[in-house]
Structure formats: C-alpha cells, structure tokens
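Before any comments, here is the structure.
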Amino acid sequence: MDAAKHAILFYGTLNENSYFQLKNYFNNHIIQNCKIKTLPSVFGHKKIDPGSKLLISTFTNKIKGNILDLGTGSGIISILLADISNKINLTLTDINLISLFLCKINLFHHRIKGNILPSNLYSNINKQFDVIICNPPIHRDLKMSLKTIINMIQQSANYLKTKGELRFVTNRFLSFDRILNDTFNKYTILKRNNHFKVYQAII
C-alpha cells in the first residue's frame, strides 16, 4: 500500500480462520548433544551465536560455585556449563520475558536447577557470585552501543566474591583492556578466533 525508507505497509485479508499454536514457532538447535529450544525475539533464534560457542568452548569442570548468567537468552550458556560441571548453582537473568520462559523450558528439559530472574543487568541482583558469565550485546537497535558492556564490566565488582571471575565474549576488534585494568586485579584473553575473543577477569 505504501513504502518509506525503512518500512513497507502491507494489506491483506484472511481466507480462513487462523489459530496461534506456540509449537509452530520453536526452533531447535543441537550443540554438544544438548537440544536447545528458541523462539523469535530471543537472541540466537535462527542459529547458535558463534560468540556463545567460543565462550562455551572455554568451560571446564574447574568452574564451580554460584554462577550468574547475565542476559541468558535461551539459557544455552548455562545449560552447556551445567553439562560440564556439576559443582555449580545457577542464576539466569534476562530483560526479555520470552527468554525467561524459554529458560524454564530448556532447564526443565535437561533436568537442570536454576534460579531464573527478570533483570536489566544487575538491577534485580542482590548477592555476590563466584563467576559471572555473559555474551553481552554491542548494538542498540541498528547502531553500535558499548554502554551495556561497559556498565556490565564496571558494576561486576559489586557482585563478585573475593577472587571472583567475570568471563565474557566480545567482538575481536573491540578492546576493553583499560576498563578491565581499572576494575580488576588481573585479566587475560582466554581464547580468540577470527571474529571473537573471550575475556577472563579476576577481582
């Protein structure tokens, strides 16, 4: 009917009644023998994010204690961590309520226990953790914005125990060395590939 620079207006009529069925909108992904359900509007719906894959590849059974998964999405990172280490207590947060719904489904399917909370970064967090894991966004809408990841790093010290760890993945071309150096006692790049890198920072 009409078109503009960034939008098109369509018009249509239904030839027959339409019924919403949630099961028709699930995508299923398999990673390391774990089946992960996703839904539209949740990060990684169409395919498993390669940054998340790189972050997951750094996990070992040495990770233990209370774990905070910030911006968990479908819960994939926590689920793969729980598959590797059974010495963890999971807290999963996201601002997207559909993500939290998916987390409940995926954790239940894998018989994994976890505390699932709505939270905008640390807005609903009131305790400290041994490890914070995250695949933070670097875009807001279509524009690059590093505000979320910078806030995540700077505020993480308030939510980590002594010798606690922040582990996150980001694009290879971005550097957070100065902020990490100002916030943590030490940090390193655990792993990198042509597109992403995983930071580990110890409080």
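The values are calculated or read from the model by the stated rules, or taken from the named source; none is laboratory data. The shown structure was predicted, so the numbers you read here are calculated from the model rather than taken from an experiment. Quick reminder, even Gly has a Cβ in these numbers, built from the backbone with ideal geometry, and neighbours come from all protein chains shown. The accessibility values were calculated without ligands, DNA or RNA, using every heavy atom of the protein model including side chains. Shrake-Rupley method; radii C 1.70, N 1.55, O 1.52, S 1.80 Å.
In Å, what Rg and Dmax follow from the Cα atoms of region 97-189?
Just the Cα atoms of region 97-189 yield Rg and Dmax of 14.8, 41 Å.
Filter Lys23/Lys143; Lys147/Lys197; Lys46/Lys143; Lys64/Lys143 down to the pairs with a C-alpha to C-alpha distance above 29 Å, please. Could you put the intermediate results ahead of the total?
Numbers: Lys23/Lys143 32 Å; Lys147/Lys197 19 Å; Lys46/Lys143 21 Å; Lys64/Lys143 36 Å.
Distance filter (> 29 Å) returns Lys23/Lys143; Lys64/Lys143.
Cut-off under 14 Å on the C-alpha distance; same-chain residues fewer than 8 positions from Lys62 excluded. Which aspartates and glutamates are left, in chain and number order?
Asp83, Asp130, Glu165
Sequence gap at least 6, Cα distance under 8 Å: using those rules, report the relative contact order of the chain to the nearest whole percent.
16 percent
Can you give the Kirkwood hydrodynamic radius for the chain, in Å, rounded to one decimal and based on Cα pairs? Could you put the intermediate results ahead of the total?
Details: mean 1/r = 0.0550 Å⁻¹.
Its Kirkwood hydrodynamic radius stands at 18.2 Å.
Work through the residues other than Ser119 whose Cβ is under 14 Å from its Cβ and net out their charges, Lys, Arg +1 and Asp, Glu -1. Don't skip to the answer; put the middle values down first.
Working: positive: Lys127; negative: Asp69, Asp94.
With Lys, Arg at +1 and Asp, Glu at -1, the net is -1.
Within the accessible area of the chain, what % is carbon and sulfur when the probe is 1.4 Å and the other protein chains stay in place? Write down the numbers at each step before the final one.
Working: 6190 of 12480 Å².
The computed percentage sits at 50.
Between beta-carbons, use under 15 Å as the cut-off and find the net charge around Ile48, counting Lys and Arg +1, Asp and Glu -1. The partial results should precede the final answer.
Working: positive: Lys35, Lys37, Lys46, Lys47, Lys53; negative: Asp49, Asp83.
Cβ neighbours under 15 Å give a net charge of +3.
So for the chain, taking the charge dipole from beta-carbon charges (+1 Lys/Arg, -1 Asp/Glu), which of Leu180, Leu190, Asn115 sits furthest toward the positive end?
Leu190
At 1.4 Å probe radius, can you tell me the per residue accessible area of the chain in Å²? Walk me through the intermediate numbers first.
Values: 12480 Å² over 203 residues.
Ligands and nucleic acids excluded, the result is 61 Å² per residue.
Multiply the residue gap between Ser175 and Leu9 by 0.36 nm, knock off their C-alpha separation, and tell me the result in nm, one decimal place. Intermediate values should be presented prior to the final figure.
Values: separation 166, 0.36 × 166 = 59.76 nm, distance 4.09 nm.
So the extension gain works out to 55.7 nm.
Residue by residue, what Karplus-based ³J(HN,Hα) values in Hz, rounded to whole numbers, does region 148-162 have, using 6.51, -1.76 and 1.60 with θ = phi - 60° and x for Gly and Pro?
Rounded to whole hertz, the list is 4, 5, 5, 4, 4, 5, 5, 7, 4, 4, 6, 10, 10, 6, 4.
Just from its helices, what would the mean residue ellipticity at 222 nm be for the chain, if runs of 4 or more DSSP H residues each count -39500 (n - 2.57) and the sum is divided by every residue, rounded to the nearest 500 deg cm²/dmol?
Calculated from helices alone, the mean residue ellipticity at 222 nm is -6500 deg cm²/dmol.
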